[in-house]
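Engineer: I'd like to ask some things about the structure below.
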Amino acid sequence: MDERVKRLFSFLDDSVSYFSSKLSGIDRERYFADRDIRNILDKTINDIILCMVDIAEELLKVHRKTIPETYKDTILACYEFVGDIALKVAPLTKHRNETIHQYLKINWQNIITVKNKLLDIKEFAEKVKENLRIVSGPDSF
């Protein structure tokens, strides 16, 4: 496993933890009232989802698969290697796009959706990591 892939997994872990800590105690009203917290949460969603896509691309490269054009399709293409968890996390790419493009009316719902999917995000990362260990060898992590 190369250093880039290890950094991706580390970054994803850190970003999920950071998102959880920043979301603690935040409700809809505070989200809309506090521009700083809104920017932090929105940016962190972007970071989490783009990192998941990067991890998915690495898995597809190892298996010599074509990288699809869209983020959602990239994650879905991992189904063959990680199973149903790919189906659970792929729709998050839509929430990333809505959040980043500042569709403010629905951003809070996107925050909640990602919050509710944090365990699925972690499971996706673990399944990819397991698959990469099988392909690259047990000492790769």
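The values are calculated or read from the model by the stated rules, or taken from the named source; none is laboratory data. Remember, it's a predicted structure, so these values are computed and weren't measured experimentally. Cβ coordinates were reconstructed from backbone atoms using ideal geometry, including for glycine residues, and neighbour counts include every protein chain displayed.
Engineer: Going through the stretch 52-74 one residue at a time, which ones are more than 15 Å from residue 92 (Cα to Cα) and either part of a helix (DSSP H, G or I) or under 14 Å from the mean Cα position of the chain (by Cα) (or both)? I'd like the intermediate steps shown before the answer.
Structural biologist: As a first pass, look at the stretch 52-74 and keep what is more than 15 Å from residue 92 (Cα to Cα): 57-69.
57, 58, 59, 60, 61, 62, listed by residue number.
Engineer: Within the stretch 59-67, can one find any residue that is surrounded by fewer than 20 Cβ atoms within 10 Å (Cβ to Cβ), closer than 17 Å to residue 118 by Cβ and not small (Gly, Ala, Ser)?
Structural biologist: No, that holds for no residue.
Engineer: So is residue 5 aliphatic (A, V, I, L, M) and at pLDDT 95 or above or not?
Structural biologist: Working: aliphatic (A, V, I, L, M): yes; at pLDDT 95 or above: no.
Considered against the rule, which asks whether it is aliphatic (A, V, I, L, M) and at pLDDT 95 or above, residue 5 comes out as no.
Engineer: On to the next question. Among the residues of the stretch 87-98, write down those that are under 11 Å from the mean Cα position of the chain (by Cα) and of a type in the set (A, V, I, L, M, F, W, C).
Structural biologist: 89, 90, 92
Engineer: Regarding residue 49, is this residue touching a helix residue (DSSP H, G or I) at 6+ places or on another chain (Cβ under 9 Å), without any contact (Cβ under 8 Å) to a residue 24 or more places away in the chain, over 17 Å from residue 135 (Cβ atoms) and in a helix (DSSP H, G or I)? If you could, list the steps in order and put the result at the bottom.
Structural biologist: Working: touching a helix residue (DSSP H, G or I) at 6+ places or on another chain (Cβ under 9 Å): yes; without any contact (Cβ under 8 Å) to a residue 24 or more places away in the chain: no; over 17 Å from residue 135 (Cβ atoms): yes; in a helix (DSSP H, G or I): yes.
No.
Engineer: Being under 14 Å from residue 38 (Cβ atoms), at pLDDT 85 or above and either polar (S, T, N, Q) or surrounded by 14 or more Cβ atoms within 10 Å (Cβ to Cβ) (or both) narrows it down to one residue among 100, 111; which is it?
Structural biologist: 111
Engineer: Is it fair to say residue 74 is at pLDDT 95 or above and more than 22 Å from residue 126 (Cβ to Cβ)? Steps first, please.
Structural biologist: Details: at pLDDT 95 or above: yes; more than 22 Å from residue 126 (Cβ to Cβ): no.
No: the conditions fail for residue 74.
Engineer: If you go through the stretch 116-139 one residue at a time, how many are surrounded by 14 or more Cβ atoms within 10 Å (Cβ to Cβ), of a type in the set (A, V, I, L, M, F, W, C) and either modelled with pLDDT under 95 or in contact with a Lys or Arg (Cβ under 7 Å, 6 or more places away or on another chain) (or both)? Please lay out each step first, then the result.
Structural biologist: Pass one, the stretch 116-139, residues surrounded by 14 or more Cβ atoms within 10 Å (Cβ to Cβ): 117-118, 120-125, 127-129, 131-133, 136.
From the residues that got through so far, the ones that are of a type in the set (A, V, I, L, M, F, W, C) too are 118, 121, 124-125, 128, 132.
Then keep just the ones that are either modelled with pLDDT under 95 or in contact with a Lys or Arg (Cβ under 7 Å, 6 or more places away or on another chain) (or both); that gives 132.
Final tally of qualifying residues: 1.
Engineer: Mind listing whichever residues of the stretch 16-46 are part of a helix (DSSP H, G or I) and without any contact (Cβ under 8 Å) to a residue 24 or more places away in the chain? First the steps, then the outcome.
Structural biologist: So the first thing to find is which residues in the stretch 16-46 are part of a helix (DSSP H, G or I), and the list is 16-23, 28-33, 35-46.
Result: 17, 21, 22, 29, 30, 33, 35, 36, 37, 39, 40, 43.
Engineer: Still on this model: Restricting to the stretch 22-32, and then to whatever is loosely packed, with under 10 Cβ neighbours inside 10 Å and not charged (D, E, K, R), can you tell me which residue is nearest to residue 115 (Cα to Cα)?
Structural biologist: So, considering only residues that are loosely packed, with under 10 Cβ neighbours inside 10 Å and not charged (D, E, K, R), the one nearest to residue 115 (Cα to Cα) is 24.
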